Amino acid sequence: MKHLLSLLLVVFLLSSSAIAQKKTKTLKADKAFLLQNYFEAGLLYKASYSKEKNRAKKAELIFLQAECGRLIGTPIYLKKAASLYKRAIRAKYPHPDVYLRYGQVLQKQQSFLDAMVQFEKYKSFKPNDERATLGINSCVFALDAIENPTRYEITPFQYNSPQSDYAPSFGSSNYDVLFFTSSRDGSVGKGTDGFTGDSYTDLYSVKRDRKGKWTRPAPFPEPMNTENHEAATTLTRRGNEMYFTRCNESDKNKPVPTCEIYYSKKKGKGWISPVLVPLPYDSLSSFGHPSISSNGKVLYFSSDMKGGSGGKDIWLIKKEKRDEWSKPINLGSEINSEGDELFPFIHEDGSLYFSSNGIVGMGGMDIFKAEFDEENNLRSVVNMKSPINSPNDDFGIIFEGKNERGYLSSNRVGSKGDDIYQFVLPSINLVISGVANDEDSKKAIVGAVVTLIGTDGTTSETITDNAGFYTFGKDVIKAGIAYEITVSKEGYLTKNATQTTLGVTKDKEFPVNISLEPTQKEIILPKIEYDYNSSALRSDSKLSLNKLIVVLKENPNVVIQLRSHTDNRAGEDFNIKLSQERAQICVDYMVSKGINKKQLKALGMGESEPFLMDVKNGRLKPNDVLDETYINKLKRKKDIEKAHQYNRRTDFKVMTDLFYDIETNKVKSKSRK
């Protein structure tokens, strides 16, 4: 049960010396409180208050009634608790804890600013107590989370009762059977739970029919349900093995109520008599909230056993052999806090969901998601925010496979107690579309192949239409994914583009237009320039070559010819040699960056191809051919040097008759392809 894993010992109030001075009814109340029978204890404290004459003791009894209401935790009792804490403060209750607890209750009722005032008062008395800081930070977080909710939609489960219903789990691999815990009337245990005043909790199931409607809840038969509390089931993927929590009341051997984890196997339409999972049980520790991995080999659970971080921690055991498990392993301080961590759930993608009241959140127990890398190292722990979380207790989340829908438990405002809620992340209409065109002519490219690959493994392919247009619609594009779009067409260099939908929360179309470069022309690389009589690469030339490297990595079958040119200020033989050195040094640089040398051919052109101007630059005008005759007519030294620099260049040409075969590591003629 949720509450039986949340023991509070008010030592400073209920010590043996204090108890010796109390009246019989108050003694009974203290005993009930220590046994977590908060409903019973609250009634007894109220009765004692009506007969008490001492003002200090009356203030203490008001505070203890408030504590019972806070620990029961339903919206009705939280409202009563807030009123009682306020009365205790007016009655001059002396312990600073009254401000901390009052703040926590106000926070759960969404009175965040008032709660922060109480946390600050408590902090003034106990500046080193981190609980006050946690409360203040959580109020700030909650205000922002409510103002900026996620896209999840939450609706109450149709079969919530006036009592508590919580901890759902799927009872079949196709998710049409739901198991859950309930304290509704009609449980096997006929006693009254002293914690809540409800019946003992039992396990229930519902089944969805072909029309999508749930049948009425039915309790599990004995021996699955007993006179004790049964709660919090988890099943293997096949649905034939179940683990659950059973909680026993205190007795002479166990001074406080404790919980244990049981295992049962399906037989026909029923379940065999459950047996204890081997864990280090003792008279004080509780074990509960099991969650089994999909392969049935790792069992996660919550416990306050020795060796933890504070309150209840999340642990795991690994199945070593049939019916043999490893010793418990604590998940460590990156998951577990000084507070309580409860209700672990292992998602099919390997992430861990759990609830905690020891990490900054909206209030009470919040649901968190822990993600791990491929080596199982923790990558992040994030709060699921509103509306998955509320200022009250939110716990017991489950997902329907890898779908963004499932169920959770909460006693948020509007609940009768602990209630089950269904959640879903509605899809949004996201589209990536664009036009592929020729970089030179700007004309649309018809029949280009457009391939899309997402970081989630999505792959899709389409062809541009008569207008060069392509589109990937909502059936392909999802929120929170990064996509790579590749456009290819015979006669053009393949080109890639990227688009991300991370952080998108509403319908949106992403325009991604892509221009392809024809392979039938020589392409001059910008800034591949050289100093006079030198073949050394400048730093800006390396940047330009890096761009060509990207092109070749996007087009791994392309073979290019790197052609270097000189000015005309030396002999022809010298210029041929110098230009060959310049072309080769470009090839060597690109090979050093991972390009296969068979994709590159170096050719020194010497001074045989003067540069054809394509822009105006001083006296140099478009369509001017910068040959020796033209340069000799220039009068200004500045223009002459510009012309020589234009001629000292490297360009590249795609060799359209050749291609590089990756499998054979050979360059082949396309005619023999």
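The values are calculated or read from the model by the stated rules, or taken from the named source; none is laboratory data. Source: prediction; values computed, not measured. Please note: Cβ atoms are built from the backbone with ideal geometry, for glycine as well, and neighbour counts cover all protein chains shown. All accessible areas refer to the heavy atoms of the entire protein, side chains included, with ligands and DNA or RNA removed. Shrake-Rupley method; radii C 1.70, N 1.55, O 1.52, S 1.80 Å.
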>> On a 20 Å Cα-Cα criterion, which of the cross-link pairs Lys553/Lys598; Lys593/Lys668; Lys265/Lys318; Lys553/Lys666; Lys28/Lys51 come out too long?
In response: Lys593/Lys668
> What is the packing order of peptides 141-152, 499-510, taking the mean over residues of other C-beta atoms within 10 Å and listing the highest first?
Replying inline: 141-152, 499-510
> Which order do Asp176, Asp349 take by accessible area at a 1.4 Å probe, largest first?
Replying inline: Asp349, Asp176
> If you take the charge dipole of segment 212-349 about its Cα centre, with +1 on Lys and Arg Cβ and -1 on Asp and Glu Cβ, which of Cys247, Ser283, Asn295 is farthest toward its positive end?
Replying inline: Asn295
> How do 624-635, 413-424 rank on mean C-beta neighbours within 10 Å, highest first?
Replying inline: 413-424, 624-635
> Counting only protein heavy atoms and using a 1.4 Å probe, what share of the accessible area of segment 275-389 belongs to carbon plus sulfur, as a whole percent?
Replying inline: 45 percent
> Quick one: Cα convex hull volume of segment 103-214, Å³ per residue?
Replying inline: 175 Å³
> Hey, what's the chain come to in accessible area per residue, 1.4 Å probe, Å²?
Replying inline: 49 Å²
>> So, taking all protein chains as they sit and a 1.4 Å probe, how much accessible area belongs to Ile272, in Å² rounded to tens?
In response: 70 Å²
> Which value, in Å to one decimal place, does the Kirkwood hydrodynamic radius take for segment 410-551 when every pair of different Cα atoms is included?
Replying inline: 18.5 Å
> Given segment 244-370 reduced to its alpha-carbon atoms as identical point scatterers, what log10 I(q)/I(0) does the Debye formula return at q = 0.09, 0.14, 0.15 Å⁻¹?
Replying inline: -0.27, -0.65, -0.74
>> From the gyration tensor of the Cα coordinates in segment 38-107, what semi-axes in whole Å does the equivalent ellipsoid have, largest first, with each one equal to sqrt(5λ)?
In response: 18, 15, 8
>> Below 8 Å between Cα atoms, with a sequence gap of 6+, how large is the relative contact order for segment 316-387 in percent?
In response: 19 percent
>> Under 4 °C and 1.567 mPa s, how fast does segment 630-673 diffuse according to Stokes-Einstein, given a Kirkwood radius computed over C-alpha pairs? Answer in µm²/s, whole number.
In response: 92 µm²/s
>> Can you compute the equivalent ellipsoid semi-axes for the chain, i.e. the square root of 5 times each eigenvalue of the Cα gyration tensor, sorted largest first and rounded to whole Å?
In response: 73, 29, 22
>> Once the cut-off is 24 Å, how many percent of the Cα-Cα pairs in segment 329-449 end up in the long-distance tail?
In response: 42 percent
> Can you give the accessible area of Cys139, probe radius 1.4 Å, in Å² rounded to 10?
Replying inline: 0 Å²
> Do any of Lys92/Lys123; Lys489/Lys670; Lys31/Lys121 go past 27 Å between their Cα atoms, and which?
Replying inline: Lys31/Lys121
>> In Å and on Cα atoms, what radius of gyration and Dmax does segment 166-307 show?
In response: 15.3, 52
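For segment 548-650, what is the Kirkwood hydrodynamic radius in Å, using each pair of distinct C-alpha atoms?
14.9 Å
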>> Quick check for me: using +1 on Lys/Arg Cβ and -1 on Asp/Glu Cβ, what's the dipole size of segment 312-444 about its Cα centre, in debye to the nearest 20?
In response: 320 debye
> Based on the Cα coordinates of segment 310-390, what is the per residue volume of their convex hull in Å³?
Replying inline: 110 Å³
> In the chain, which Cys residues have no partner Cys with a Cβ closer than 4.7 Å?
Replying inline: Cys68, Cys139, Cys586
>> Can you give me the % of accessible surface on segment 403-505 that is carbon or sulfur? Probe 1.4 Å, all protein chains present, nothing else counted.
In response: 50 percent
> Ignoring any ligand, DNA or RNA, what whole percent of the accessible area of segment 577-673 comes from carbon and sulfur when the probe is 1.4 angstrom?
Replying inline: 50 percent
> Which of the trypsin sites (Lys or Arg not before Pro) found in segment 541-621 are loop residues per DSSP with 10 or fewer other Cβ atoms within 10 Å of their Cβ?
Replying inline: Lys616
>> Suppose only helical runs count, i.e. DSSP H with n ≥ 4. What mean residue ellipticity at 222 nm does that imply for the chain under -39500 (n - 2.57) per run, divided by all residues and rounded to the nearest 500 deg cm²/dmol?
In response: -7500 deg cm²/dmol
>> Pairs of alpha-carbon atoms within less than 8 angstrom and 6+ residues apart define the contacts here; what relative contact order does segment 65-142 have, in percent?
In response: 24 percent
>> At a threshold of 8 angstrom on Cα-Cα distance, excluding pairs fewer than six apart, so keeping six or more, what relative contact order does the chain reach in percent?
In response: 8 percent
